[in-house]
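Nothing in this text is a laboratory measurement; each read-out follows from the coordinates by a stated rule. What you see is a predicted model, and the numbers here were worked out from it, not measured in a lab. Neighbour counts run over all protein chains shown; Cβ positions are idealised from the backbone, glycine included.
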Amino acid sequence: MRLLIDDADMGEIRRLYDLYPIDGVTTNPSILAKTGRNPYEVLKEIRGFIGKEADLHVQAIARDAEGMVKDAYAIVQALGEATFVKIPCIPQGFKAMKLLKKDGIRTTGTAVYTPMQAYLAAKSGASYAAPYINRIDDMGYDGIHVAKEIQDIFEVNKLDTMVLAASFKNSQQVLELCKYGVGGVTAAPAVMDKFVNNAAITAAVDVFVKDFEKLAGEGVSMAEL
Ligand code: E4P
């Protein structure tokens, strides 16, 4: 399962890349707006840091297919071929995905709330479909169940599109989809910070260090022996 950061803050991206095995970064217009900076300036900085091969997902803004295609060309030209253009799963979006597929530009079907949207994105040639787990939960449905249904639909129809689940509120939701074998998840820094967040784990490591220090002296580790 690919693991991506859903954020555009360079400080957070650097911090999480340093710690975890991260495969890339996803953004959306709201995430970019939070930076208060020129979007291309931010996105080029992210691309420069993660490298030209890593996944970067950037959303098209236009509401009609022709405009989405133009946005997609501009995005890929500025940020490289490893950039997935996020296209909203609306009727004009499916048209854009079909056109972009022909042109070899990779897309991620976004704003996915229903399995039907994901199915249509896959049939239209999207590389990923991104169900919004938390937002679906907030509407009174079960976001994890929807993501699993989408995974099943892709498998049973032999569609090579992958689920890139998004909009998480906790690490358990991420783990649940990891167990189910979805293609990827993208999580905000606050959710990633809860991946390993258990006092018992910290306490176990503290005891090991203290026991060793009794033997070797305070602040001494294997490298200093
Ligand atoms: C990703 O594709 C979405 O834009 C994003 O994860 C939405 O997350 P949110 O519901 O936390 O805003």
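Is there a residue in segment 32-51 that is of a type in the set (D, E, K, R) and either crowded, with 22+ Cβ neighbours inside 10 Å or within 13 Å of the ligand (Cβ to nearest atom) (or both)? Looking through segment 32-51, at least one residue is of a type in the set (D, E, K, R) and either crowded, with 22+ Cβ neighbours inside 10 Å or within 13 Å of the ligand (Cβ to nearest atom) (or both). Of all the listed residues (77, 92), the sole one being more than 16 Å from the ligand (Cβ to nearest atom), among the polar types (S, T, N, Q) and touching a Gly at 6+ places or on another chain (Cβ under 9 Å) is 92.
When 54, 8 are screened for being among the small types (Gly, Ala, Ser), under 30 Å from residue 148 (Cα atoms) and more than 15 Å from the ligand (Cβ to nearest atom), only 54 passes.
What number of residues within segment 24-69 are among the acidic types (Asp, Glu) and in contact with a strand residue (DSSP E or B) (Cβ under 9 Å, 6 or more places away or on another chain)? Result for segment 24-69: 1. Does residue 106 qualify as being within 16 Å of the ligand (Cβ to nearest atom), charged (D, E, K, R), touching a Leu at 6+ places or on another chain (Cβ under 9 Å) and in contact (Cβ under 8 Å) with a residue 12 or more places away in the chain? Considered against the rule, which asks whether it is within 16 Å of the ligand (Cβ to nearest atom), charged (D, E, K, R), touching a Leu at 6+ places or on another chain (Cβ under 9 Å) and in contact (Cβ under 8 Å) with a residue 12 or more places away in the chain, residue 106 comes out as yes.
For the criterion of being under 18 Å from the mean Cα position of the chain (by Cα), of a type in the set (S, T, N, Q) and under 15 Å from residue 39 (Cβ atoms), residue 83 passes. Annotation for segment 142-155: at least one member residue is more than 27 Å from residue 69 (Cα to Cα), within 16 Å of the ligand (Cβ to nearest atom) and not in a helix (DSSP H, G or I). Being touching a helix residue (DSSP H, G or I) at 6+ places or on another chain (Cβ under 9 Å), closer than 19 Å to residue 2 by Cα and free of Cβ contacts under 8 Å to residues at least 40 places away in the same chain holds for only one residue in 122, 187, and it is 122. Inspect segment 156-175 for any residue being hydroxyl-bearing (Ser, Thr, Tyr), outside any helix (DSSP H, G or I) and either farther than 23 Å from residue 92 by Cβ or more than 16 Å from the ligand (Cβ to nearest atom) (or both) and give the result as yes or no. No, that holds for no residue.
Number of residues in segment 4-31 that are farther than 16 Å from residue 58 by Cα and either in a strand (DSSP E or B) or of a type outside the set (D, E, K, R) (or both) equals 7.
When you go through (1) touching a residue at least 40 places away in the same chain (Cβ under 8 Å); (2) out of contact with any strand residue (DSSP E or B) (no Cβ under 9 Å at 6 or more places or on another chain) one by one for residue 172, which number turns out not to apply? Status for residue 172: all satisfied but (1).
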